[in-house]
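The values are calculated or read from the model by the stated rules, or taken from the named source; none is laboratory data. Because the structure is predicted, anything quoted here is derived from the model rather than measured. Neighbour counts run over all protein chains shown; Cβ positions are idealised from the backbone, glycine included. Please note that ligands, DNA and RNA were not included when accessible areas were found on the heavy atoms of the full protein model with its side chains. Shrake-Rupley method; radii C 1.70, N 1.55, O 1.52, S 1.80 Å.
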Amino acid sequence: MNRIICSFLFLLSVFSLVSQSGDAKTKVLSAFRTAEPVTVDAKLNEVVWRAAEMGGQFVQMEPVPGTQPSFATEVQFAYDNNAIYIGARMHDPEPEKILHEFSLRDQEGNADNFSFFVDTYKSGLNGFLFTVTASGVQLEAIVSNQIDDTNWNAVWESAVRIDSLGWVAEIRIPLSSLRFPSEQQQSWRIQFGREIRRFRETSFWSPIDPTIRGWAQQSGLLEGIHDIVSPVRLSVTPYLSAYLNTTLDPSAGSGKLSAGNAYSAGLDLKYGINDAFTLDMTLVPDFGQVISDRQVLNLSPFEVFFEENRQFFTEGTELFNKGRLFYSRRIGSRPLHYYDVYNQLKEGETVVSNPETSQLYNATKISGRTVKGTGLGFFNALVGSEEAIVRDLSGKERAINTNPISNYSALVFDQNLPNNSYVSVINTNVYRLGADMDANVTGTFFGLRTADQKFEVQGSGAVSRQVFSDMSIVGHTYNVSAGKVSGKWTYALLHGVESDKYNPNDMGFLYSPNEKYFGGTGSFVEYKPSIASLQQVRLTASTTYAMLYKPDVFTGYNVSFDNFILWKSRFAVGWNARLEPVGAYDYFEPRTVDFSKFLAIPGNYVVGAFVSSDYRKPFAYDVRVSYRWFDAEGRHTATIGVSPRVRFSDKLSIFPSSGLTFITDEPGYVNRTILTFIPDGLLSDDVLIGTRNRVIVENSFSGRYLFNSVMGLNIRVRHYWDVVRYAQFGRLKENGYADVLV
């Protein structure tokens, strides 16, 4: 079986390198070099805008791909030694109906918008996206056909103006905000896009076929730029912060607060090494203003994944975000031996302080891409030592080391290949001073496409090594898929393995190793349904056969279905179903190191649905429901979520949200240390299973008031309530069910 799969993948990869197809004619726009100053005021009254070539004839992508847009759009491109300029006229016979809601930066809101995309290296995979809304709000991102980095920030100018003909956008992007080849003659891929928000209509200068995966390669060409050089790119941002911390002081009497001051200082530096590569550094950063995580009660055997919110780790890291081998939340996170402190307490000792985060001393990133499409990235961070303080009954204190000085590093090589294909190699390394474990992971990722963009082979593989003073633990993983990725009908075969020793979690993220699977997926999408009121219909089906890697035993089989329907009115509905008719065997829930026991999951079925209304209206909503029932009396899970959104004006909006989940008769692992008693008959090596009922309530409220396109107020409040009640306790039996003890 494995030989057949490998032979098929090899043939398809060869096919991707040799197949040919006729390319559609590529649109070309000529750049105009200007010697006069350009004032960014959305008036377009300089001589340059009378001389520059006009680009037009946009083509609609939605709601009806390939058709004429409702209104004409005209674009022009100019440049000088310091910047590039884009002038755009968006015609609209009813300018009073142009939507122009204010929003936070990097959010479109309910507003018309104009976008400019540039791929300076003509890779067909990566580029820079700049968007401005009719209200003047700016958005920018580093985009690719693999991962989009919307956290990237650049310094650029824009101005918008609504007049009797529609609206105008004028943009100035300094050359210092771009990376481009060091060549006398430049040739770039570019794209212009426009959304008429009240129609939810998007159109592009170079036509985009939504049935082709990836849109960057469908851009047009910009010719005529010459004799420009990358300017010096250097910025330094120092900071100074002060905090007043108040805590309840048990030694000062009931209800007394003690106060203390905290100070911090550091700086961020950004430097353009050359035309392709940029250096980013942060020294003693302060992340005190970072948005808080959405904490939850976790009863599963796996850790919770949290998104990164710290700007240094979110900006410009698109090269590193492959296969979750680089999970930046590990850096400066909870100390390695945080919980060990409580196991080292002597009689009469109490914990005075135990820091929950490790101090990041400095971090450095170098990233960029050469003219030949070679992307290189280097990352390094140094985290300091941490100590917990404990105190005995006499008042004597001692320190317990909870985190050694640690160095985190990552090196990435990413090469663009013909036909918008790619191959990447990444290595991550964690070195800890002293006797603690070091770790290293090396992985590779690839995607090979045919020239017509219809077929693709994707794959990845990695080897992890954890190094102790007397031994090393080596594990591996690989995943591969092959199939048709473009067109109305798409499909793929999938296979993956994670060995029992594979562990990238010193610097990466993996829920659980020791798994393997075979699967398949297929989908159909129609962008021009025969029913005139519909805009899009999508149907998807998939199936997975799962096993443990070691021992080689069956763990589950499922079939899933998804359906999505979008009306031209922007009302959307969808439903999904997941069937596990033969049940499953959970070898992770019992928490046995050798996977010798499992928790049996009866056959079960999940159905869900959602509705989403038109966001253009002052009041809109999203509603989601799901229900899961088991071939076991009384066991089920039900969930409902409601998320209304209210727009009072173009400046004020609120977004409340509520969710409710009921879980009944769910069996799960119980840590016996939390019990006030030990059930009779429970042996030391028995796995304790509890049958529990659970109710989860989560409410959140966010609101924003925008004074203008660059200034506003934003608020977020979250309430989370999770109650678990155990109905009975039992010993896990060999058949995967519990023998009731209490």
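Residues to consider are A638, A632; find the one that is at pLDDT below 95 and either within 32 Å of the chain's Cα centre (by Cα) or not in a strand (DSSP E or B) (or both).
Values: A638 fails: at pLDDT below 95.
Residue meeting the stated conditions: A632.
With the requirement that a residue be in contact (Cβ under 8 Å) with a residue 24 or more places away in the chain and surrounded by fewer than 12 Cβ atoms within 10 Å (Cβ to Cβ), what does the stretch 304-315 give you?
Hit for the stretch 304-315 is F305, nothing else.
Within the set of pairs 6+ apart or on separate chains, which have a first residue in the stretch 451-476 that is without any contact (Cβ under 8 Å) to a residue 60 or more places away in the chain, a second that is in a loop (DSSP other than H, G, I, E, B) and surrounded by fewer than 19 Cβ atoms within 10 Å (Cβ to Cβ), and C-beta atoms under 6 Å apart?
Q466/M437; F468/M437; S469/A435; I473/K501; G475/K501
Would you mind finding the one in F192, F180 that is in a strand (DSSP E or B), crowded, with 16+ Cβ neighbours inside 10 Å and touching a residue at least 40 places away in the same chain (Cβ under 8 Å)?
When all the criteria are applied, what remains is F192.
Name the one entry in A154, A78 that is among the aliphatic types (A, V, I, L, M), in contact with a helix residue (DSSP H, G or I) (Cβ under 6 Å, 6 or more places away or on another chain), closer than 30 Å to F277 by Cβ and in a loop (DSSP other than H, G, I, E, B).
Only one candidate passes the filter, namely A154.
Scan the stretch 24-46 and report the pairs whose first residue is in a loop (DSSP other than H, G, I, E, B) and whose second residue is of a type in the set (S, T, Y) and open to solvent by 70 Å² or more (accessible area, probe 1.4 Å), with Cβ atoms within less than 8 Å and a gap of 6+ or a chain change.
Going by the 8 Å Cβ cut-off, the qualifying pairs are E46/T39.
Tally up the residues in the stretch 86-112 that are open to solvent by 10 Å² or more (accessible area, probe 1.4 Å), touching a residue at least 40 places away in the same chain (Cβ under 8 Å) and within 30 Å of D275 (Cα to Cα), please.
2
Hey, can you tell me all the residues within the stretch 341-378 that are farther than 30 Å from L178 by Cβ and open to solvent by less than 60 Å² (accessible area, probe 1.4 Å)?
First, pick out the residues of the stretch 341-378 that are farther than 30 Å from L178 by Cβ: 341-359, 361.
Selection gives V341, L345, G348, E349, V351, S353, N354, P355, S358.
From the list L139, L125, L129, which one is open to solvent by less than 10 Å² (accessible area, probe 1.4 Å) and in contact (Cβ under 8 Å) with a residue 12 or more places away in the chain?
One residue alone meets the criteria, L125.
In the stretch 480-518, which residues are over 19 Å from D586 (Cα atoms), not hydrophobic (A, V, I, L, M, F, W, C) and not in a loop (DSSP other than H, G, I, E, B)?
S481, G483, K484, T490, Y491, H495 - these are the residues of the stretch 480-518 that are over 19 Å from D586 (Cα atoms), not hydrophobic (A, V, I, L, M, F, W, C) and not in a loop (DSSP other than H, G, I, E, B).
Inspect all residues belonging to the stretch 103-119 and state whether any of them is among the hydroxyl-bearing types (S, T, Y), under 26 Å from G703 (Cα atoms) and at pLDDT below 90.
For the stretch 103-119, residues among the hydroxyl-bearing types (S, T, Y), under 26 Å from G703 (Cα atoms) and at pLDDT below 90: absent.
Scan the stretch 147-170 for residues that are over 16 Å from E108 (Cβ atoms), touching a Gly at 6+ places or on another chain (Cβ under 9 Å) and at pLDDT 95 or above and jot them down.
Of everything in the stretch 147-170, those that are over 16 Å from E108 (Cβ atoms), touching a Gly at 6+ places or on another chain (Cβ under 9 Å) and at pLDDT 95 or above turn out to be A159, V168, E170.
Identify, from the list Y263, Y338, the residue that is modelled with pLDDT under 80, more than 23 Å from the chain's Cα centre (by Cα) and either within 18 Å of A154 (Cβ to Cβ) or of a type outside the set (A, V, I, L, M, F, W, C) (or both).
The unique qualifying residue is Y263.
Is it fair to say D506 is acidic (D, E) and either closer than 26 Å to F610 by Cα or open to solvent by 40 Å² or more (accessible area, probe 1.4 Å) (or both)?
Taking the combined requirement at face value, the residue does not satisfy it.
Going residue by residue through the stretch 142-151, is there one that turns out to be surrounded by fewer than 23 Cβ atoms within 10 Å (Cβ to Cβ), among the β-branched types (V, I, T) and touching a helix residue (DSSP H, G or I) at 6+ places or on another chain (Cβ under 8 Å)? If you could, list the steps in order and put the result at the bottom.
Residues of the stretch 142-151 surrounded by fewer than 23 Cβ atoms within 10 Å (Cβ to Cβ): 142-151.
Among the residues that remain, those that are also among the β-branched types (V, I, T) are: 142-143, 147, 150.
From what is left, the residues that are touching a helix residue (DSSP H, G or I) at 6+ places or on another chain (Cβ under 8 Å) are 143.
Looking through the stretch 142-151, at least one residue is surrounded by fewer than 23 Cβ atoms within 10 Å (Cβ to Cβ), among the β-branched types (V, I, T) and touching a helix residue (DSSP H, G or I) at 6+ places or on another chain (Cβ under 8 Å).
Could you say whether any residue in the stretch 216-228 is part of a strand (DSSP E or B) and at pLDDT below 70?
no
Before we move on, is E223 open to solvent by 50 Å² or more (accessible area, probe 1.4 Å), acidic (D, E) and more than 25 Å from T26 (Cα to Cα)?
It is false that E223 is open to solvent by 50 Å² or more (accessible area, probe 1.4 Å), acidic (D, E) and more than 25 Å from T26 (Cα to Cα).
Determine, yes or no, whether A169 is of a type in the set (A, V, I, L, M, F, W, C) and outside any strand (DSSP E or B). Outline the logic, then answer.
Working: of a type in the set (A, V, I, L, M, F, W, C): yes; outside any strand (DSSP E or B): no.
Against the criterion (of a type in the set (A, V, I, L, M, F, W, C) and outside any strand (DSSP E or B)), A169 does not qualify.
How many residues are closer than 26 Å to L234 by Cβ and open to solvent by 50 Å² or more (accessible area, probe 1.4 Å) if we restrict to the stretch 152-171?
Residues in the stretch 152-171 being closer than 26 Å to L234 by Cβ and open to solvent by 50 Å² or more (accessible area, probe 1.4 Å): 3 in total.
Just one of S709, S684 is open to solvent by 30 Å² or more (accessible area, probe 1.4 Å) and free of Cβ contacts under 8 Å to residues at least 60 places away in the same chain; which is it?
Numbers: S709 fails: free of Cβ contacts under 8 Å to residues at least 60 places away in the same chain.
One residue alone meets the criteria, S684.
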